[in-house]
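Worksheet: the structure to be examined is printed underneath.
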Amino acid sequence: MSTEAPLDYQLVPADEISQRVARLQRHMQQGPMDGALILDPVNMYYYTGTMQQGAVFVPTEGEPVFLVRRSYERAQMESPLQRILPLKGLSQLRTTLADLGLRANTLGVAETTLSVAVFKTLTKAFPGATFTDVSGLLAMVRAVKSDYEVQRLRKAGALHKLVYDAIPAMIREGMTEWELGSAIQQKMMALGYTGITRFTGFGMELIIGIVSCGESGNYPTASVGPGGLTGLSPAFPLVGGNRKLGRGEPIFIDTGFGYEGYFTDKTRIFSLGALPAAVLDAHKACLDIQEAVRCRLKPGAVPSQIYTEVCNQFVHSRNFEKHFMGFGSNQVPFLGHGIGLAIDELPVIAGKMHTPLEANMVIALEPKKGLEGIGLVGVENTFLVTDAGGEKLTAGSDEVTIV
């Protein structure tokens with residue numbers, strides 16, 4: 001089989017992969033670890049440039065090893081790593097690494113993405129080895145984006161704008177949330193959307209995002225965000241439900257757009273006809289909160305301090321906390337979250353996040369407010385951390401769009 005890469009998509013450059021590996025190794029050298037064993041698809045892609053069945057071993061020093069069950073041929077085509085070897089099963093991992101002269105007595109694994117069954121297999125494959133959780137370490141390495149990654153996020157943001165520019169023409173009275181969501185998905189796919197929205201959290205699913213009209217935006221949800229929705233059934237609480245769009249109520253549209261694996265997150269409010277003044281006032285308050293956080297998204301700023309300052313000044317002092325960041329049980333204790341190869345990355349603008357921000361971190365801010373008997377209002381934009389504060393990557397007006 002030819003190992004030439006197809007010409008219809010770009011591969012991750014070799015120097016990009018080597019820089020990522022080097023950053024991880026610098027962090028691992030701070031503790032007693034022989035290396036990190038990476039099995040989940042997103043981190044595999046980050047360190048190899050491809051997604052296959054197998055494992056990546058990144059030693060504390062030296063070249064990583066990519067051990068592939070399938071497709072070995074595609075891994076050779078897509079990954080710039082030099083040591084790519086076939087692997088029949090995880091039980092062969094230790095022998096293969098030992099044959100390469102690599103120690104594997106203390107291994108870092110991402111426990112947040114590791115099933116019990118796979119972990120049991122690893123303990124048998126590495127008898128006597130010590131395993132340590134590197135989920136947080138892998139997340140922090142990915143939190144700081146390279147210029148290569150920022151370029152893709154900028155492109156995702158530009159395409160995301162085209163989606164929202166097209167939404168007003170899609171909305172018509174009497175159509176269902178599901179029908180509107182389907183139209184939005186069609187537009188997204190036509191623009192190159194990658195089809196699914198990835199999460200780091202175990203078991204989380206999302207297709208395009210959330211389309212909720214009126215009180216659907218307050219419906220209880222298991223989502224990690226503040227947005228409520230019904231879905232088509234208890235077995236499919238995704239996209240939107242059968243509620244019909246009516247006049248004078250907020251239409252909440254929260255979507256993630258993926259370009260070459262990288263996501264921006266965006267929320268806008270639409271309405272068929274005017275909304276009550278109280279609704280617009282609540283939306284305006286969310287915009288004020290977004291701006292207050294955006295100005296603080298600078299290298300060295302501490303997320304927990306940002307969260308406390310902004311909540312005290314713009315939420316608690318204005319008695320705005322009831323149903324802020326989600327209606328009832330949907331309420332979440334953060335104002336924004338990191339984003340990149342997954343929607344829910346580090347850092348988080350929350351009370352317990354004390355690690356300072358760094359330049360080129362990318363954060364989605366989403367101040368939102370549930371209004372009883374009305375629905376959900378607010379905004380979400382994706383920002384790049386810079387010396388001048390957050391740079392908006394998801395262009396377009398944040399105001400309510402009246403159709």
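The values are calculated or read from the model by the stated rules, or taken from the named source; none is laboratory data. Since this is a predicted model, take the numbers as computed values, not measurements. So basically every Cβ, Gly included, is an ideal-geometry build from the backbone, and we count neighbours across all protein chains shown.
Quick notes on this one:
- The one condition from (1) loosely packed, with under 15 Cβ neighbours inside 10 Å; (2) out of contact with any strand residue (DSSP E or B) (no Cβ under 7 Å at 6 or more places or on another chain) that Asp40 does not meet is (1).
- Exactly one residue out of Ala183, Ala169 is more than 20 Å from Ala364 (Cβ to Cβ), outside any loop (DSSP other than H, G, I, E, B) and in contact with a helix residue (DSSP H, G or I) (Cβ under 7 Å, 6 or more places away or on another chain), and it is Ala183.
- Residue ranges of strands (runs of 3 or more DSSP E) in the stretch 22-120 with at least 3 members under 16 Å from Thr132 (Cα atoms) and assigned by TED's automatic domain parsing to the domain that holds Leu346: none
- Of the residues contained in the stretch 12-20, none is found to be touching a strand residue (DSSP E or B) at 6+ places or on another chain (Cβ under 6 Å) and either hydrophobic (A, V, I, L, M, F, W, C) or at pLDDT below 95 (or both).
To keep it simple, each residue is scored yes or no on (1) farther than 25 Å from Tyr193 by Cα; (2) within 21 Å of the chain's Cα centre (by Cα); (3) surrounded by fewer than 23 Cβ atoms within 10 Å (Cβ to Cβ).
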residue: Cys311; (1), (2), (3): yes, no, yes
residue: Phe324; (1), (2), (3): yes, no, no
residue: Val332; (1), (2), (3): yes, yes, yes
residue: Thr394; (1), (2), (3): no, yes, no
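The rows are residues; the columns are (1) part of a loop (DSSP other than H, G, I, E, B); (2) among the charged types (D, E, K, R).
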site	(1), (2)
Ser223	yes, no
Thr230	yes, no
Asp254	no, yes
Gly258	no, no
Phe263	no, no
Ser271	no, no
Ala282	no, no
Ala285	no, no
Asp288	no, yes
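- Residue in the stretch 133-149 that is within 30 Å of Pro32 (Cβ to Cβ), exposed (fewer than 13 other Cβ atoms within 10 Å of the Cβ) and in the same structural domain as Gly35 (by TED's automatic domain parsing) present: no
- Scoring Asp265 on the criteria (1) buried (at least 19 other Cβ atoms within 10 Å of the Cβ); (2) closer than 21 Å to Tyr193 by Cβ; (3) in contact with a helix residue (DSSP H, G or I) (Cβ under 6 Å, 6 or more places away or on another chain) leaves a single failure, condition (3).
- Odd one out for Asp288, checked against (1) within 30 Å of Arg142 (Cβ to Cβ); (2) touching a residue at least 24 places away in the same chain (Cβ under 8 Å); (3) among the charged types (D, E, K, R): (1)
- Test set (1) farther than 19 Å from Ala388 by Cα; (2) under 20 Å from the mean Cα position of the chain (by Cα); (3) crowded, with 17+ Cβ neighbours inside 10 Å; (4) not hydrophobic (A, V, I, L, M, F, W, C) - Arg294 fails condition number: (1)
- Test: residue in the stretch 333-343 that is of a type in the set (Phe, Trp, Tyr), within 24 Å of Asn218 (Cβ to Cβ) and modelled with pLDDT of 95 or more: yes
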